[in-house]
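Notes to accompany the following structure.
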Ligand code: AMP
């Protein structure tokens, strides 16, 4: 797996490439997905370069909770009062394409189940 400090998401954190940022604090950043799969599609990422959920350690437990609470805060901020889906793709079979942990917020339409 590639170094998470070298991904496109670290470049967004460092403002080396542009993104439509909707929320930022000292631990997390949220920005709109460049290829949205729903009317609202936002990614929440830790600033710390953790490659994937499987790489999170017990020492990251507060950060992991912060990321979920950031999802809730951002969803409220953008008006997803009817609900939304949160997705973490992990590793190859999970369909992960960017090796920097990210939580997808998908909303603005009714989601289907099961996912593909
Ligand atoms: P995943 O497949 O779970 O790894 O999701 C990676 C997501 O990052 C995809 O939904 C991409 O559309 C999105 N993405 C890739 N590059 C960018 C970018 N420069 N700005 C915003 N979203 C991006």
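Derivation of every value follows stated rules applied to the coordinates shown; laboratory data play no part. Computed from a prediction, not measured in an experiment: that's the story for all the values here. In this analysis, Cβ positions are derived from the backbone assuming ideal geometry, glycine residues included, and neighbour counts consider all displayed protein chains.
Put in line by how crowded their Cβ is, counting other Cβ atoms within 10 Å and starting with the fewest, 53, 101 read 53, 101.
Under the classification rounded if a/c is under 1.5, otherwise prolate if a/b is larger than b/c and oblate if not, where does the chain fall, given a ≥ b ≥ c as square roots of the Cα gyration tensor eigenvalues? Cα axes put the chain in the rounded bin. Cβ crowding within 10 Å ranks 10, 5, 58 as 58, 5, 10, fewest other Cβ atoms first. Between 0 and 90 degrees, the angle of helix 61-77 with respect to the longest Cα principal axis of the chain falls at about 30 degrees. Counting neighbouring beta carbons within 10 Å and listing from fewest to most, the residues 111, 64 come out as 111, 64. The mean sequence separation of alpha-carbon pairs under 8 Å and at least six residues apart, normalised by the residue count of the stretch 4-107, gives a relative contact order of 33 percent.
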